[in-house]
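Note sheet for the following structure.
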Amino acid sequence: MDNIQLSNVVKEYHLGKVTVPALKNVSLSIDRGEFTVIAGPSGSGKTTLLNLIGCVDVASSGDVVVGGSNTAQLTERELTDLRLHKIGFIFQSFNLIPVLNVYDNVEFPLLLMKDLSKEERRSRVMHFIEKVGLQDHMKHRPNELSGGQRQRVAIARALVTKPRIVLADEPTANLDSVTGQSIIDLMKEINRSEQTTFLFSTHDDNVIRQANRIIKLRDGVIVAES
Amino acid sequence: MLLWKLAFRNLFVHRLKTLVTGLIIVFGTTLAIVGNSVVDAISGGMQKSLTNSLTGDIQVYAADAKEKIAVLGGSDGNLPDIGYLPDFKKVKTALLEIPNIKAVIPMGISFAMLNPGNLLDLKLEELRASYKKTPRDDARLAALKEHVRMIVRDIERSQTENQDNLGGVFGGEKLFKDAGENIAKALDQSFWNDFDRHSDARLEFLANKMAPLIFDDNQLYLSYFGTVPELFEEAFPQFEVVKGTMIPEGGRGFLFSDFVYENQVKHRVARRLDQIKKQIDKEKLTLKSSKDLQDKVKANIAQAAEVYSQIEPPAAATLLPRLQQLLGSKSSKFPELVSEFLAMDDTNFPTRYTFFYDQIAPQLILYKVKVGDTFAITGFTKSGYSSSVNMKVYGTYRFRSFESSPLAGALNVMDMVSFRKLFGILTAERRSETESLDAEMGLGDVGRDDIEAMFGAATESTSETRVTSNLQSLTQGRFGQVDSERRDLDTKYSRSDMEDGVFMNASVVLKDPSRLDATLEEIRAKNDEKKLGLQAADWRDSAGIVGQLTVMVRGVLYLFVFVIFSVATFIIMNSMLMATLERRREIGTMRAIGAQRSFLLGLFLRETFVLSFVFGLVGTLIGVGIVLAVGARGIPAMGDVATFFFSGDRLYLQVNIMHIAIVSLCMTIVALVSTQYPAWRAMKISPLEAMQSSE
Ligand SMILES: Nc1ncnc2c1ncn2[C@@H]1O[C@H](COP(=O)(O)OP(=O)(O)OP(=O)(O)O)[C@@H](O)[C@H]1O
Ligand SMILES: [Mg+2]
């Protein structure tokens, strides 16, 4: 029951009178420790799928079960709580809080959790900052960092709550290929050392190749899995 | 902690916006603090002015009064009908049982009319007196006669000039139909040849046929209050006599308010010169630049006749060369020279002002009523009759520290006995009762009423009755009956006479004014207990429209501050809303990684709180600083009315903790209100915002 389970998930967007089917009857399950990539052309529904798993959106029909809870049955508060405790997010455009420095950005979710002592917080934050190799940039603001460094901060922030799963929607899309590769390497390393489940989308064939599981989407349908 | 950090950082990052909003808040709070302080000081100053001048701390008057009391006039400028109460002594005795009451002073406020007579009236009066004098001063008689002839010539001139108008209005009246004929008679040499022999007849002819032809508006309308003058003086320490002397204790008499005396009784031309001088000296105006001052000069030139026609021909002859020299003029026409003299400008004003008072003023009737004169004053009784009483003017008075204010200076003073006579309420029938009462009380009455005064009062009672019963016949008197009433005027009255009887209202002075409300209650209780038939109002309620002024001023201030704070609220709200839109991604991210909506509300509240607290504090400190700095030195009173509100020449400010508390409360409300909508909008932002790929 630790995993993520989608069964017969349909997601439709309504644009006025037009209904856009983004996901059509998707079922899948993700186990602990997996390093999974979602691939597919633009508009195939990658982001939509990640949003449903990330509990920032709800399915039109079907069940999305995250950490044992069916998201359709949760309130807004409970969904938020679920995101905080069970899910880590890495965004395409990093999404750091501009007024906070590296340390504060990483600490942010821990402060929202409210159940850790100052020392616990500190050691956790330091652990992950070291993990992403930014111990020398702790006092820097996001705008003083490179894109790759920013994404490392984002990774540290996503991991600091020790989530069940880390979701990343095209984490390398805004980075050059070398930096992008280093981010993938970092994620793989963490996946190994911390046993963190990663689920991310990408267009990049280089990246796709490095995953140990690939889910291919086309027009809202899973067309291949390997 | 995180929230505070975020709030501070956000404000810091958007420095410019923060600063603009902050400045508005600073302005609002500073204004609120300083404004309130000023209004407070004015309110305090006014309280001092009112309680130290007319109203005292509390006014009591008849419970069945038709209107509310307004000592300084109601909103329509009229004196309200407050009825009267029959027995002052009873009220006073009862009220003085209340420990906090220091003094109770009877009052009665009313209007009266006074006609000092026109120039010809006055000159004829003087001529009549000169004929009676022995030995006869022939030179003086000749000068006066010459002056009278000149005045008649002036009448003739104005008659021909105004023939058409007058014919229309007064053509029907015999006096005016015969005017031409009579003037011709008065100007005829034969009229003057044997004037001395027929002086009585000639004077009467001139008084009856010529004097009424002068259309000078000499009527004075005076507001006055009757009181026991020495009691009043004692209770209101700011009262002081300026010209002449105080009405003697127990005597009948009249004191002009110095303000009225200078502004209504004084010769118009002299009055304007005084005003010009004051405005040049005090307000640094110049004749060149001030339209107002130029108008005054023009009015003086237009009324030059009021100067030259008052000057007797011999005096005019002496003045003529001096004026010629001063003006560098060759004209030998005195009226022309006077007009030219009055056409003043900035360079010659000081010399001419001095010349006026040194050389010209002594020849003029500088005041229509002179200190020491006795005149007939006509009042209007309740029942609608008018009655006249002869009064002696002892002098003028003012209230120290706001003497130049017309507000407290509008009322003249009269003794209580005269007031009652004028008021038309006869006290005669109560006399006999009180006489015996006087005798009993006289000894216990602090020994102020000496036996003589008591006897005086007793023997006078007949004359009193005579005068009051003859009131009707006195009504028409202009100057008449002065002699016949002389005796009555010199009568001394005891304190009991003054206090006993009818009054309209009474000023109550407290020992401890801060216990005003409690004392009001005690007065009401005493009133119920002793059935005094009173109602009581504090100084604010009883002053009339003026008393409500600070309330209005404060209202305006609050409105102003309210507007500023509303603007601040609006601007803060707007900038927060903008920030919300700008920070959609940031907010969405926070939501996505697990921040609850309440977290955002907390963040926004803290931001506005910091904003309003920091800048509110700065504004408060600036306000307090201004109050301390300016307040200690005092704000100078601009204009005469201000001295009343400031109760002096300067307004001193004080910091009031209450104002700071109110301002803090306002700022909290601003913070709360301005956050609501932006926070609501922010809470609606979906975590999906975070997923949008960036720009
Ligand atoms: N908010 C939305 N409203 C309406 N339609 C949407 C919305 N979001 C996505 N869609 C539509 O749903 C389909 C799937 O979109 P989605 O963003 O999941 O694709 P994607 O695979 O992430 O594409 P890309 O590679 O370009 O990011 C598309 O047809 C898209 O137009
Ligand atoms: Mg996408």
Which residue out of B:V551, B:V614, B:V567, B:V561 is over 29 Å from B:T51 (Cα atoms), part of a helix (DSSP H, G or I), at pLDDT below 85 and more than 14 Å from every other protein chain (Cβ to nearest Cβ)?
-> B:V561
Kindly list the number of the only condition in (1) more than 13 Å from ligand 1 (Cβ to nearest atom); (2) on the phi > 0 side of the Ramachandran plot; (3) touching a His at 6+ places or on another chain (Cβ under 9 Å) that fails for A:G40.
-> (1)
How do the pairs read when you match residues in the range B:672-692 that are within 14 Å of another protein chain (Cβ to nearest Cβ) with residues anywhere that are open to solvent by 80 Å² or more (accessible area, probe 1.4 Å), using Cβ under 8 Å and keeping only pairs 6 or more apart or on different chains?
-> B:M683/B:R597; B:I685/B:R584; B:E689/B:R584
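Listed here are the residues, each with its yes/no results for (1) crowded, with 17+ Cβ neighbours inside 10 Å; (2) within 23 Å of B:L3 (Cβ to Cβ); (3) more than 10 Å from every other protein chain (Cβ to nearest Cβ).
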{"site": "A:F94", "(1), (2), (3)": "yes, yes, no"}
{"site": "A:D136", "(1), (2), (3)": "no, no, yes"}
{"site": "A:N143", "(1), (2), (3)": "no, yes, yes"}
{"site": "A:A168", "(1), (2), (3)": "yes, no, yes"}
{"site": "A:D176", "(1), (2), (3)": "no, no, yes"}
Hey, does the range A:76-84 have a residue that's more than 10 Å from chain B (Cβ to nearest Cβ) and open to solvent by 20 Å² or more (accessible area, probe 1.4 Å)?
-> yes
Lone unmet requirement of (1) within 13 Å of chain A (Cβ to nearest Cβ); (2) without any contact (Cβ under 8 Å) to a residue 60 or more places away in the chain; (3) in a helix (DSSP H, G or I) for B:G594 = (3)
Given (1) more than 8 Å from chain B (Cβ to nearest Cβ); (2) under 17 Å from B:L603 (Cα atoms); (3) open to solvent by 10 Å² or more (accessible area, probe 1.4 Å), index of the condition A:N105 fails | (3)
Residue by residue through the range A:56-103, note down the ones that are touching a residue at least 40 places away in the same chain (Cβ under 8 Å) and either at positive phi or among the hydroxyl-bearing types (S, T, Y) (or both).
-> A:S60, A:S61, A:G62, A:G67, A:G68, A:S93, A:F94, A:N95
Identify the single condition in (1) within 14 Å of another protein chain (Cβ to nearest Cβ); (2) open to solvent by less than 30 Å² (accessible area, probe 1.4 Å); (3) away from ligand 2 (no atom under 16 Å from the Cβ) that A:G45 does not satisfy, given that it satisfies every other one.
-> (3)
Might you check whether a residue that is within 14 Å of chain B (Cβ to nearest Cβ), modelled with pLDDT of 90 or more, within 14 Å of ligand 1 (Cβ to nearest atom) and within 24 Å of A:F91 (Cβ to Cβ) occurs anywhere in the range A:25-37?
-> no
All but one of (1) under 22 Å from B:V20 (Cα atoms); (2) in contact with a strand residue (DSSP E or B) (Cβ under 7 Å, 6 or more places away or on another chain) hold for B:I593; which doesn't?
-> (1)
Selection over the range A:188-207 where residues are open to solvent by less than 60 Å² (accessible area, probe 1.4 Å), part of a helix (DSSP H, G or I) and at pLDDT 90 or above yields a count of 1
For the range B:663-686, does any single residue satisfy the condition of being within 16 Å of ligand 2 (Cβ to nearest atom), in a helix (DSSP H, G or I) and more than 30 Å from B:N52 (Cβ to Cβ)?
-> no
Please tell me if A:I129 is buried (at least 21 other Cβ atoms within 10 Å of the Cβ), more than 14 Å from chain B (Cβ to nearest Cβ) and either touching a residue at least 60 places away in the same chain (Cβ under 8 Å) or out of contact with any strand residue (DSSP E or B) (no Cβ under 6 Å at 6 or more places or on another chain) (or both).
-> yes
Members of the range A:108-124 that are open to solvent by 20 Å² or more (accessible area, probe 1.4 Å), on the phi < 0 side of the Ramachandran plot and more than 9 Å from chain B (Cβ to nearest Cβ) | A:D115, A:L116, A:S117, A:K118, A:E119, A:E120, A:R121, A:R122, A:S123, A:R124
Residue among A:L82, A:L112 that alone is part of a helix (DSSP H, G or I) and in contact with a strand residue (DSSP E or B) (Cβ under 7 Å, 6 or more places away or on another chain) = A:L82
Those helices (runs of 4 or more DSSP H) completely within the range B:175-243 that have 1 or more residues that are open to solvent by 30 Å² or more (accessible area, probe 1.4 Å) and of a type in the set (A, V, I, L, M, F, W, C) are B:179-187, B:199-205
Go through A:R157, A:R152 for me and flag whichever is modelled with pLDDT of 90 or more, farther than 30 Å from A:V9 by Cα, buried (at least 23 other Cβ atoms within 10 Å of the Cβ) and under 17 Å from the mean Cα position of the chain (by Cα).
-> A:R152
In this structure, is B:L337 buried (at least 17 other Cβ atoms within 10 Å of the Cβ) and free of Cβ contacts under 8 Å to residues at least 40 places away in the same chain?
-> yes
Among the residues of the range B:530-548, count how many are modelled with pLDDT of 80 or more and in a helix (DSSP H, G or I).
-> 5
Candidates A:L84, A:L111, A:L116, filtered to the one that is over 20 Å from the mean Cα position of the chain (by Cα), away from ligand 2 (no atom under 14 Å from the Cβ) and closer than 30 Å to A:Q135 by Cβ | A:L116
Please work out which residue is farthest from the other protein chains (Cβ to nearest Cβ), limiting yourself to the range A:54-73 and to residues that are assigned to a loop (DSSP other than H, G, I, E, B), open to solvent by 20 Å² or more (accessible area, probe 1.4 Å) and touching a Ser or Thr at 6+ places or on another chain (Cβ under 9 Å).
-> A:A59
Test result for B:T30, among the hydroxyl-bearing types (S, T, Y), surrounded by 19 or more Cβ atoms within 10 Å (Cβ to Cβ), within 14 Å of chain A (Cβ to nearest Cβ) and part of a helix (DSSP H, G or I) | no
Of all residues in the range B:495-529 being modelled with pLDDT of 90 or more and among the basic types (K, R), the one that is farthest from the chain's Cα centre (by Cα) = B:K526
Return yes when A:R213 is away from ligand 2 (no atom under 16 Å from the Cβ), in contact with a strand residue (DSSP E or B) (Cβ under 9 Å, 6 or more places away or on another chain) and not hydrophobic (A, V, I, L, M, F, W, C) and no when it is not.
-> yes
Could you please find all residues in the range A:19-42 being touching a residue at least 12 places away in the same chain (Cβ under 8 Å), within 16 Å of ligand 2 (Cβ to nearest atom) and open to solvent by 30 Å² or more (accessible area, probe 1.4 Å)?
-> A:P21, A:P41, A:S42
Does the range B:1-26 hold any residues that are surrounded by fewer than 18 Cβ atoms within 10 Å (Cβ to Cβ) and away from chain A (no Cβ under 14 Å), and which are they?
-> B:L16, B:L19, B:V20, B:L23
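The values are calculated or read from the model by the stated rules, or taken from the named source; none is laboratory data. As the structure is a prediction and not an experimental result, all values here were calculated from the model. Note that we place each Cβ from the backbone using ideal geometry, even for glycine, and neighbour counts take in every protein chain shown. SASA here: full protein model, heavy atoms, side chains in, ligands and nucleic acids out. Shrake-Rupley method; radii C 1.70, N 1.55, O 1.52, S 1.80 Å.
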